[in-house]
Amino acid sequence: EVFHFIDALFQGNTERALRLLYDQRNSGASEQEVFGALVWQMRTLLEIKDFMVRNPHASSADFVRALGTHPFVIKKTSAFCSRVSMKFLSDLHAYLLRVDKDIKTGVRGASFAFDQMVFDVTRLIQMR
């Protein structure tokens, strides 16, 4: 499942993230499908972090009401968001946009770009 890949990526677990990415490829999922799920998760992280910054004493129920996001998603992503800054998430989002642009303009092939992305993102997470 693609969300296991994303979890491994955001845990900084390079080996597991690569294995799960390869599993996704072998199961027939396209890199664009995987990348789309990753970008969706990134957007969710940014929304949650922004809400955390603006509402430091908000409860989980406040998050659910304000963002319209499932409580499980709030619980799962809040822990990660509390460990990283908004700048870190914004920089990570900008990096993903560069990867997307590189693929779409032919600067890098999708498979190579995604493999490199796993190494880059997990390294950034590990350095946190």
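Open to solvent by 60 Å² or more (accessible area, probe 1.4 Å), under 13 Å from the mean Cα position of the chain (by Cα) and in contact (Cβ under 8 Å) with a residue 12 or more places away in the chain: does that describe Gln11? Can you show your working first?
On the way: open to solvent by 60 Å² or more (accessible area, probe 1.4 Å): yes; under 13 Å from the mean Cα position of the chain (by Cα): yes; in contact (Cβ under 8 Å) with a residue 12 or more places away in the chain: yes.
Against the criterion (open to solvent by 60 Å² or more (accessible area, probe 1.4 Å), under 13 Å from the mean Cα position of the chain (by Cα) and in contact (Cβ under 8 Å) with a residue 12 or more places away in the chain), Gln11 qualifies.
What's the number of the only condition in (1) within 15 Å of Leu9 (Cα to Cα); (2) of a type in the set (Ser, Thr, Tyr); (3) touching a residue at least 40 places away in the same chain (Cβ under 8 Å) that Ser90 fails to meet?
(1)
What pairs come up if the first residue lies in the stretch 28-41 and is open to solvent by less than 60 Å² (accessible area, probe 1.4 Å), the second is β-branched (Val, Ile, Thr), and their beta carbons are under 6 Å apart, counting only those six or more places apart or on different chains?
Listed pairs, sorted by first residue: Val34/Val2; Ala37/Val2; Leu38/Ile6; Gln41/Ile6.
Among (1) within 27 Å of Met127 (Cβ to Cβ); (2) in contact with a helix residue (DSSP H, G or I) (Cβ under 7 Å, 6 or more places away or on another chain); (3) modelled with pLDDT of 95 or more; (4) surrounded by fewer than 17 Cβ atoms within 10 Å (Cβ to Cβ), where does Asn55 come up short?
(1)
Among residues belonging to the stretch 29-69 that are part of a loop (DSSP other than H, G, I, E, B) and hydroxyl-bearing (Ser, Thr, Tyr), point out the one that is farthest from Phe88 (Cα to Cα).
First, pick out the residues of the stretch 29-69 that are part of a loop (DSSP other than H, G, I, E, B): 29-30, 55-59, 68-69.
Filter again for hydroxyl-bearing (Ser, Thr, Tyr), leaving 30, 59, 69.
Details: Ser30: 27, Ser59: 23, Thr69: 22 Å.
Among those that are part of a loop (DSSP other than H, G, I, E, B) and hydroxyl-bearing (Ser, Thr, Tyr), it is Ser30.
Condition first: over 15 Å from the mean Cα position of the chain (by Cα), in contact (Cβ under 8 Å) with a residue 12 or more places away in the chain, under 17 Å from Asp7 (Cβ atoms) and surrounded by 13 or more Cβ atoms within 10 Å (Cβ to Cβ). Can you find one or more residues in the stretch 64-72 that meet it? Explain how you work it out, then say what you get.
First, the residues of the stretch 64-72 that are over 15 Å from the mean Cα position of the chain (by Cα): 64-72.
Subsequent filtering for residues that are in contact (Cβ under 8 Å) with a residue 12 or more places away in the chain retains 66-67, 69.
Still in the list and also under 17 Å from Asp7 (Cβ atoms): 69.
Now narrow it down to the ones that are surrounded by 13 or more Cβ atoms within 10 Å (Cβ to Cβ): 69.
Within the stretch 64-72, one or more residues are over 15 Å from the mean Cα position of the chain (by Cα), in contact (Cβ under 8 Å) with a residue 12 or more places away in the chain, under 17 Å from Asp7 (Cβ atoms) and surrounded by 13 or more Cβ atoms within 10 Å (Cβ to Cβ).
Give the residue that is modelled with the highest pLDDT, with candidates limited to residues of the stretch 106-128 that are farther than 19 Å from Leu21 by Cα and open to solvent by 90 Å² or more (accessible area, probe 1.4 Å).
Ranking the candidates gives Val107 first.
The values are calculated or read from the model by the stated rules, or taken from the named source; none is laboratory data. Bear in mind the structure is a predicted one, so any value in this text is a computation, not a measurement. Methodologically, a virtual Cβ is constructed for each residue, glycine included, from the backbone with ideal geometry; neighbour enumeration extends over all protein chains shown. Accessible surface is based on the protein model in full, side chains and every heavy atom, while ligands, DNA and RNA are left aside. Shrake-Rupley method; radii C 1.70, N 1.55, O 1.52, S 1.80 Å.
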